[in-house]
Each structure stands twice: as C-alpha cells, then as structure tokens.
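Notes follow the structure.
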C-alpha cells in the first residue's frame, strides 16, 4: 500500500515533536506538554505506523526508550537492558494484546494486575544483600547514578533480609499529599512550580545535593526482579511476594486475573473513586502475564516486553486537530466561537467541539484552522483548548478573524464587538430565539423527527453551549446530558438513541429541516426526486432549478442562493459527516398518479407527514392548500379552515379509512 503524502508528512512531524518534548521531560524535568498529551501524540504516531509500516524508522519514539542521561550525573551502564511498557487506551487495545499473547504462547494466559505508578523508574543493584547502585532508566542502556538520593528514601532498604545478589526495578514517586506544599514552598522561594508529581519526583532524584531529595516526601514501589542469585520465582505474583520478603516496598494493591472481564473490572474500579484513595499518582494499570516461563518465551520488542502492557486511564488532556471554527449565539445575542475537532476521547468522553471563548482568546493562543491542539476537560461540560502544538501546524494556516456578519444574527446578520469587552454580539435583537426555532424545526416531526428534542430541551442545550447549529445535535454525548439539571439516565439514554436513529434520514426530510426559504415538504420532495443527492442539488444552477416542474424561478433562486452561501455549505459539509441521506425514488405510477391531495386535522393512526408521504408514494402530489385542482381532502379531527374551503369549492372530503382504501385500489 502506497503511503499517502499527508500521512508521511504527519508522521515525520510527530517523530520530531515527540522526540523534542520527551527530551524536555526526561532530561530536564520540564513538561510544556502534559504526559497525557504526549501519550496522545505517541498513540497517533503508533497508529500511523501500524497502518503504514513503511513509516517506521529506527529512531522513532515508538521504537526507542526515552530519557538520555543528563551530563552532570555519573553514568551507569545497566547490567540488564531496561525497557518501558507499550500503552493501551481502550478495551479493544487490551483484547488485541491478549490475542497476541494467546497466539504466541499457544495457551490462555492469566495476568497479574498492578497499579501503574506515575513516577520515575529506578534500577536497584544489590551485592550480597547490600545496596551498591541506584540508577535511572536513561535510554535503556545507560542511566544516571542517583544512589546518593535514593539512599535518603526510608523505604528503600540499605540491606536486604538475605545476602543475595540481585537487580530490582521500581518507581520513585512523590506523595500527593506533599505535592501542593512543595509547590507552595518553591513559589515562595521564586522557583517555578512543578507541573505534576511525576516531574517533582524526577527533579528530586536527579539532584547533586541529597539534602534536596531528603527534604521531599518521596516513596518507592518495587515491582520487578531483573536478576537474582537465588531461584527465580515461577510467577509474577510470587515474584512480588519474594521481593517483599527481602524487605522491598511492594504495592499491595495488585491482584490475579483469570479473564479479561476481571481485567476490565479492576481497571474500572481504580479509574473511579479508588484512584483518589491512595497517596500517590496512578495513571493506569499494568497487565503482566503471570507465568515466568511464558514471559521468557514471549520476550521483548526493541523497547517493550511482549508479556506486559500499560492500560492507561482516560486522559484529562489529549491532542487533536481543529477542523473548523463556527459561532454559537447566546440568549442575549452574545456570540461565542466554537472549535470543531476531530473526534477524540478525553476524560472518558468522546468530544468533537470545544469552546474558544472570544476573539482575544483565539489571538492570544494563536489558534488556527488545521492546528494540532491540546484539549482539556477538567470539570466543565464543554472542553477547552489549552494550547497549540505549533511544530505540527500545516503550511499556510491563516489566523482566524471574527466575521462581521452571520446568519445566526437574523436581519442583515450584522455583528458588533461589545464596547470595552472581548465579546461580540448580534446587532439584531432576538437572535437566540431565532436560532432556537431553526434547530427545533430541524429536529421536528416533519424533518428529522428527533423524539425528545423539543423547544425547552433545545434552549437548555443552547444555553449550556452544547449546541449551536444542526450538526451539533449529532455530537451530543450521554455524559454531557447527564451533567444537566433535569436529565436523569433514562431521559439521556432515550434522547441519544433518538439522535442516533435520526442519522439515517430521507433526502426530502433533510431538505425540509434545513429551512431553505420556500422549500416545504412538497417542494423538498420534488427537489429530492429530481436531483437524488445533496452533491447534485448543491451544484445545480439557478436556471436548472427553475426548470424543475413545480419549482419555478422564485423557489429555484431561493435554493441556489441558500447553497451558494459559504456558511451554509460549511454546515452541509459538517452534516455529511454524521448523516446517511437516503434517496427518494418517485413513484412512476400509482392509484393517485396526477392527483393533488390535501391532508388536514388529526388522523386516527397516521401523522400528517406519514399520510402525505403515502400520497407521494402513490404518485400523487401532497399540497398544503385547497384549490380547484385538489382531487380530495383527507380530514381528521380539528380540520380547520381547509375543510371549510373544500366544502365551498365542492371538493370531496374523506376520512383515513377511505384514504387507505384508495391507496390499496
């Protein structure tokens, strides 16, 4: 398979960017990008390389261990090469890992599950039971000698319970309870605050002066045995017991799993409230094949064991691509820019949009369409963009400017900046109500028929900035709805189900929902049957439209003008990502061929829309008004003025039963 130019360029930029930020994190303890955002970049690169193996290079971040040793610490060459786990982010990733293990080992594996401590890996070497060296992982071959700092951690034994020669691996962490206090002290001293406990732990251990490490709330958990002069334990859980009997601090929160169901239950338990119950930072769990013999048979890749994997928790920050910027209108007419994003999971929720607040926010962060951005969701319903990764910016990306007009604003669409504020608003009053009416119409029974998307629901969603236009309906999530007052689980589930069902929509119903001037149900049907697809209708000229029987020059001009508008075309482009638009096949002949029928009132079993659809399917024309050309009127209860007009003109009036009988004729 040939590698697309876009994929090749993207992978090259990703390799360079990841390498740059990994160096800052591992060598200088700096985190311009959060670990979660960096993980997100690595995951994208790994996905590209999996799809196009030709993109893999020997120095790719997916192939090498991060963390070259810093120059001011003594170097240590590892007696046992060091590695890091590959990451998994979804249940599918874990199932794929399990499948690979089963295929390679030829047996159903069981797993030891451990918490993934977010800290700094340390390699401890003992001779005759005495600590001689503590080193960082470094690049996997050479690390840094940090023995002087590790000795200040009380939980690290200077002497083991027996005079054994061994190499053990673990994680240095900084207690969460002491992190805020440490940062407060640093700020008071004029030093920069640590970005996270992991950086604080790394910064503490990589100091020349051991007094600094001694003054900080550091701890260690030892989780792997790399070498021992005694008999090697036959399983991972027995290995942890062995380390514990020697005096090593071993995390007690590990457990055995015989199935993936148990793996997922353990992950969910720790991803929830249990995560906050411990005094150290965890960012996932680690699966390790229980059998030591199976581990040895499975072996390693260039940088990771084949017998283990890190199953990460949903990140609070991720990276994604900003595809477009649109506006949403508030109840007071205030306009807020909204980013439309490539869908991405953040904090356990799939999102496709983020608030951009105002024009000054966009300028300050220099946010442009096409940018790779860092997305954050930390408590708010709507995520926000934290920063731009400018190293991944596409060539020619232009700065975004606040428009001077918008169809959201009604009237002539004029927009003004509020004096003395960063906000913009519509000049014409009532813009919020107007846009709400448009969305209500789009979701109504005569259009997409989204059950539960009534007037109050639409306004509530708009007020909470969850929807601004038609396409936003299809990006709503259950979690967003549950965060709103009045949305209990059943109501949220039902609305999401109804929205999902509306993704498959007949062409004529979509045209009705778009609210194109002069295009009601009958004209929508004529256009849908004549042009067949949105693409063909969008490309039709005013003259071509005017020649369609029943459309004419006025309606034709209205349709052409609507599709010529840039914002309407952008909206259609966004809708096409969510909808499957069904073709309308006109009936060539039927019991109502050439006849005009009007439906009025409430019928016993059919809705007006269903009745009119049956008229068209039978070859007839469903009209909105009674005239001398009307063949007959189908009337239910509360028929209104149409019944009186039919009686005045002598037009036959029938009920639903007779109507269905004629359709069967």
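Each value in this text was obtained by applying a stated rule to the coordinates, not by laboratory testing. Source: prediction; values computed, not measured. Cβ: placed from backbone, ideal geometry, glycine included. Neighbour counts: every protein chain shown.
Odds and ends about this structure:
- Using a cutoff of 8 angstrom between alpha carbon atoms and counting only pairs six or more residues apart, the relative contact order for the chain works out to 9 percent.
- With Cα atoms, 0 to 90° folded angle of helix 566-576 axis to the chain main axis: 70 degrees
- Beta-bridge orientation, the chain: approximately 80 percent antiparallel, per DSSP, counting only bridges with both partners inside.
- For the range 255-414, the spread of Cα positions along each principal axis, largest first, Å: 74, 36, 27
- Here the residues 544, 602, ranked from fewest to most Cβ neighbours within 10 Å of their Cβ, fall in the order 602, 544.
- Considering only alpha-carbon pairs that sit under 8 angstrom and 6 or more positions apart, the relative contact order computed for the range 317-426 is 26 percent.
- Relative contact order of the range 545-654: 22 percent, from C-alpha pairs under 8 Å at least 6 residues apart in sequence.
- If R0 is taken as 25 Å, the Cβ-Cβ distance between residue 627 and residue 663 corresponds to a FRET efficiency of 0.70.
- Shape category assigned to the range 92-197 from the gyration tensor of Cα positions, a/c cut at 1.5: oblate
- With a Förster radius of 35 Å applied to the C-beta separation of residue 433 and residue 648, the computed FRET efficiency comes to 0.40.
- Nearest-ten-degree value, helix 489-501 long axis tilted from longest Cα axis of the chain: 60 degrees
- The distance from the alpha carbon centre of the range 452-501 to that of the range 245-280 is 36 Å, rounded to a whole number.
- Peptides 383-390, 307-314, ordered by how many other C-beta atoms sit within 10 Å of their residues on average, highest first, read 307-314, 383-390.
- Mean residue ellipticity (222 nm) of the chain, computed from DSSP H runs ≥ 4 via -39,500 (n - 2.57), nearest 500: -11000 deg cm²/dmol
- Listed from fewest to most Cβ neighbours within 10 Å, the set 5, 645, 504, 621 follows the order 5, 504, 645, 621.
- Answer label, with Cα Rg over 2.2 N^0.38 Å calculated from the coordinates and candidates (i) 1.25; (ii) 1.04; (iii) 0.94: (i)
- Degrees between helix 91-105 axis and first principal axis of the chain (Cα, 0 to 90, nearest 10): 50 degrees
- Rounded FRET efficiency, nearest 0.05, which uses the C-beta distance separating residue 189 from residue 321 and R0 of 45 Å: 0.65
- For the range 5-55, projected area of the alpha-carbon convex hull averaged over all directions, nm²: 3.4 nm²
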